[in-house]
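A.B. asks: Take this structure, written in structure tokens, and hold onto it; I'll ask about it next.
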Amino acid sequence: MFNTITGMIQAIKDRDPASSSSFWIILLYPSIHIMMFYYISRFFWEMHLKSIARFLMQVGRFLTGIEIHPGAKIGEGFFMDHAMGIVIGETAEIGNNVTLYHGVTLGGILPAFKTDEQRGLKRHPTIKDGAIIGSGAQILGPITIGSNARVGANSVVLRSVPNGMSVVGIPAHEVGKQKLESVFQAYGTAFSEVSKIDKSVSKIEQEIDILKEKITKLEKNNFRK
């Protein structure tokens, strides 16, 4: 656990310009505090002492405002920036070097009835290595967010996202694909390609400029006459 926490501290230093020394990160960052609860509760969960594990995480939730189910699987270098209001469900899986911002939900969409039939089923998302999920985004169901994918703030994602793809909106739609790089992009909003909407607006602006030039020429010709 010590090595994992050390890796998280380094991840915070790499991705958050507001961070300072390791001491202040340990003291002030709720993402570190809740992960300490998580690793202890995860140990009890794997020992089949699930009631103790759930109780510990409820204490952590009360103290930090972050809810992580002890059944969730979380990789190395995980960083929750600001972190308040994050919810991570039982069967969620998070890869290495993933970043979540405040208000993100990794939730399930199965109905609330026949819950006994749902036990043990994959109900929550899988987030692959290097993905960045912007604040307020809702990732729902047993879908996969690909490696180095970007999800814009407040998006609602109901379908799997390919590796390196950027998505935004409600429901989320693809707006650009980038090279599979580990370059950090805050809030998942920096897209490598211009979206279709941006292209359309740019084309309209170009046509308006052409029309302006034509009108100006016509006005000059009429003035000469």
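The values are calculated or read from the model by the stated rules, or taken from the named source; none is laboratory data. These numbers were taken from a predicted model, which means no experiment stands behind them. Cβ: placed from backbone, ideal geometry, glycine included. Neighbour counts: every protein chain shown.
A.B. asks: Kindly provide the set of residues from segment 14-62 that are free of Cβ contacts under 8 Å to residues at least 40 places away in the same chain, charged (D, E, K, R) and surrounded by 15 or more Cβ atoms within 10 Å (Cβ to Cβ), ordered by number.
C.D. replies: R42, R54, R61
A.B. asks: Here's something else I'd like to know. I want to confirm something. Restricting to segment 68-78 and keeping residues that are within 15 Å of I32 (Cα to Cα) and either buried (at least 17 other Cβ atoms within 10 Å of the Cβ) or of a type in the set (V, I, T) (or both), which single residue is modelled with the lowest pLDDT?
C.D. replies: Ranking the candidates gives G77 first.
A.B. asks: Right, here's the next one. List the number of the failed condition for Q58; all other conditions in (1) in a helix (DSSP H, G or I); (2) under 17 Å from G95 (Cβ atoms) hold.
C.D. replies: Result: Q58 passes all but (2).
A.B. asks: Next question. If a residue must be crowded, with 18+ Cβ neighbours inside 10 Å, in a loop (DSSP other than H, G, I, E, B) and modelled with pLDDT of 65 or more, how many such residues does segment 165-184 contain?
C.D. replies: So the count comes out to 1.
A.B. asks: Before we move on, is L100 surrounded by 19 or more Cβ atoms within 10 Å (Cβ to Cβ), of a type outside the set (S, T, Y), free of Cβ contacts under 8 Å to residues at least 40 places away in the same chain and not in a loop (DSSP other than H, G, I, E, B)?
C.D. replies: Judged against the criteria, L100 is a match.
A.B. asks: Hey, does segment 140-151 have a residue that's more than 24 Å from H102 (Cα to Cα) and either in contact with a His (Cβ under 9 Å, 6 or more places away or on another chain) or at pLDDT below 85 (or both)?
C.D. replies: Scanning segment 140-151 turns up no residue that is more than 24 Å from H102 (Cα to Cα) and either in contact with a His (Cβ under 9 Å, 6 or more places away or on another chain) or at pLDDT below 85 (or both).
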